[in-house]
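Contents: one structure, followed by commentary.
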Amino acid sequence: MRKQVFFIGIITLLCSFSVDAINFSRINVAWQYDVNFGVKMSHRVVKENEGVFVFLKVSADSINSWTYEFLVQDRYESEAHKSIQPVALDTLLDVGKEVLIKLSLPQVEGNLLVIKFSKPEAFYYYDISLRIGSLSFPSIYPVDERGLPILEKYINRSGHKWIGTDTLLAMQYTEDFPPADPPMADMKPLAPQVTMDTSFLFSGSPVWAENYFYTVRKDSLATVGVTMLRVQPYFPEYRQLGELIESMLYLTSEQEKKAMLRSKNPKESFDSFWMNTYSTKNRARNAIRKYYNWVENANTLFTDFKPGWKTDRGMMYIVFGKPDEVYRTGSLEEWYYDDGSAFEFTIISTFFAPKTYSLRRNIEFEEQWFTQIAAIRRGIK
């Protein structure tokens with residue numbers, strides 16, 4: 001009965017009629033960065049001959065208590081009326097608290113799909129870009145061993161395959177990006193500068209090496225592709241000592257980090273840092289658990305061609321916490337905190353990612369940054 005309630009609510013709202021578009025730039029979407037929120041959504045957009053289709057995964061404790069509406073509009077700031085296009089809908093998975101569906105939008109004219117999901121006491125919006133700048137998304141996509149689409153931007157196990165054509169081109173790059181720079185540092189170029197290690201054609205299930213990322217395209221002439229980071233099986237969690245020390249950089253100085261890595265006994269140095277910072281075993285243990293939970297959440301939320309903790313948004317999430325308000329347009333994302341802190345991220349499309357977020361840096365952030373780091377090291381965040 002759960003499936004019927006969920007999808008009857010969708011189908012009745014996917015007829016063609018006129019509605020008011022949503023000025024999405026005025027919608028607070030901070031819930032999307034709350035890993036404890038009652039509903040989680042993820043998606044992948046794929047180009048088809050006469051339009052696009054969207055894989056959408058919805059996870060919730062009580063899926064049948066939510067209602068859903070879909071709206072296609074030109075852009076984030078749209079305020080004009082728009083017609084919802086008729087779509088086909090297929091259920092790919094319905095197990096327990098999770099539903100995976102495929103929405104087909106033939107000849108879609110808008111650039112943004114907005115999903116409104118609501119209960120009697122509250123409603124929320126989820127946004128899906130239907131184009132990459134002026135380009136369409138690729139027609140290829142990865143699937144797991146069950147044949148279900150992989151919606152994450154990383155692969156943490158072998159056995160995946162690709163849908164779209166028999167032979168595909170993979171370009172391999174080393175993931176050795178440094179962590180994001182503090183917010184008061186000079187702004188770096190938005191597009192990453194990396195050198196390709198190798199490229200190869202593959203069919204079936206490719207063999208990918210860990211700690212590399214791969215851009216997969218139909219062929220060398222394709223203008224768009226899919227970028228996936230190959231990570232360890234336990235990702236987005238970190239377990240190896242080197243990973244744990246490396247991802248401490250926002251809490252330590254570069255000198256402290258290097259001293260731990262070069263120590264004759266890095267594990268002892270790692271433990272000593274936490275003990276010296278938090279005084280007792282119990283406080284140190286709690287601090288370690290809390291900090292690496294932030295790192296894991298950043299990896300879950302922000303991973304693209306590099307782990308989420310290394311991205312600008314991941315850095316700010318780890319240091320300042322989940323933002324209280326988030327507003328988004330096609331080219332900008334703004335974070336606001338109840339204590340008055342505020343940050344902006346420029347959004348652009350790159351060769352490796354449909355959306356790359358770069359923090360707009362300012363020397364005025366320096367005091368906020370060091371105050372926040374000191375608060376974390378005192379254990380009061």
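The values are calculated or read from the model by the stated rules, or taken from the named source; none is laboratory data. Computed from a prediction, not measured in an experiment: that's the story for all the values here. Neighbour counts are summed over all protein chains in view; Cβ atoms, including those assigned to glycine, are modelled from backbone coordinates with ideal geometry. Protein only, heavy atoms only, side chains kept; ligands, DNA and RNA dropped before computing areas. Shrake-Rupley method; radii C 1.70, N 1.55, O 1.52, S 1.80 Å.
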Counting just the residues of the range 336-357 that are out of contact with any Lys or Arg (no Cβ under 8 Å at 6 or more places or on another chain) and in a strand (DSSP E or B), which one comes out surrounded by the most Cβ atoms within 10 Å (Cβ to Cβ)?
T356
Could we say that T329 is closer than 21 Å to N28 by Cβ and of a type in the set (S, T, N, Q) here?
yes
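Among the residues in the range 270-283, are any in contact with a strand residue (DSSP E or B) (Cβ under 6 Å, 6 or more places away or on another chain) and either open to solvent by less than 30 Å² (accessible area, probe 1.4 Å) or at pLDDT 95 or above (or both)?
As a first pass, look at the range 270-283 and keep what is in contact with a strand residue (DSSP E or B) (Cβ under 6 Å, 6 or more places away or on another chain): none.
No, that holds for no residue.
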If you check R377 against the conditions, is it basic (K, R), touching a residue at least 24 places away in the same chain (Cβ under 8 Å), surrounded by fewer than 15 Cβ atoms within 10 Å (Cβ to Cβ) and assigned to a helix (DSSP H, G or I)?
yes
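So, E243, is that one acidic (D, E), exposed (fewer than 15 other Cβ atoms within 10 Å of the Cβ) and not in a loop (DSSP other than H, G, I, E, B) or not?
no
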Report, ordered by the first and then the second residue, all pairs with beta carbons closer than 7 Å, sequence separation of six or more or different chains, a first member in the range 137-153 that is in a loop (DSSP other than H, G, I, E, B), and a second member that is acidic (D, E).
S139/E48; I150/D144; K153/D304
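Given the residues D176, D186, which is the only one that is under 24 Å from Y291 (Cα atoms), part of a loop (DSSP other than H, G, I, E, B) and among the charged types (D, E, K, R)?
On inspection, the qualifying residue turns out to be D176.
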Considering each of L105, L112, L100 in turn, give the residue that is aliphatic (A, V, I, L, M), over 22 Å from the mean Cα position of the chain (by Cα), at pLDDT 85 or above and surrounded by 13 or more Cβ atoms within 10 Å (Cβ to Cβ).
L105
Looking at the range 42-53 only, could you name the residues that are in a strand (DSSP E or B) and at pLDDT below 95?
K47, E48, G51, V52, F53
Residue under evaluation P189, criteria (1) open to solvent by less than 40 Å² (accessible area, probe 1.4 Å); (2) at pLDDT below 90, criterion not met:
(1)
Which one is farthest from the chain's Cα centre (by Cα), of the residues in the range 201-227 that are open to solvent by less than 20 Å² (accessible area, probe 1.4 Å) and closer than 12 Å to T174 by Cα?
W208
Against the condition more than 20 Å from H43 (Cα to Cα), within 16 Å of the chain's Cα centre (by Cα) and either free of Cβ contacts under 8 Å to residues at least 24 places away in the same chain or open to solvent by 50 Å² or more (accessible area, probe 1.4 Å) (or both), how does L261 come out, does it pass?
no
Where residues in the range 358-374 are in a loop (DSSP other than H, G, I, E, B) and closer than 18 Å to K310 by Cα, which of them is most open to solvent (accessible area, probe 1.4 Å)?
R360
Is it the case that some residue within the range 285-292 is of a type outside the set (F, W, Y), modelled with pLDDT under 95, open to solvent by 60 Å² or more (accessible area, probe 1.4 Å) and in contact with a Gly (Cβ under 7 Å, 6 or more places away or on another chain)?
no
Extreme residue, farthest from R377 (Cα to Cα), among residues of the range 273-324 that are part of a helix (DSSP H, G or I) and among the β-branched types (V, I, T)
T300
Those residues of the range 118-131 which are in a strand (DSSP E or B) and either among the charged types (D, E, K, R) or in contact with a strand residue (DSSP E or B) (Cβ under 9 Å, 6 or more places away or on another chain) (or both) amount to S118, K119, F123, Y124, Y125, Y126, D127, I128, S129, R131
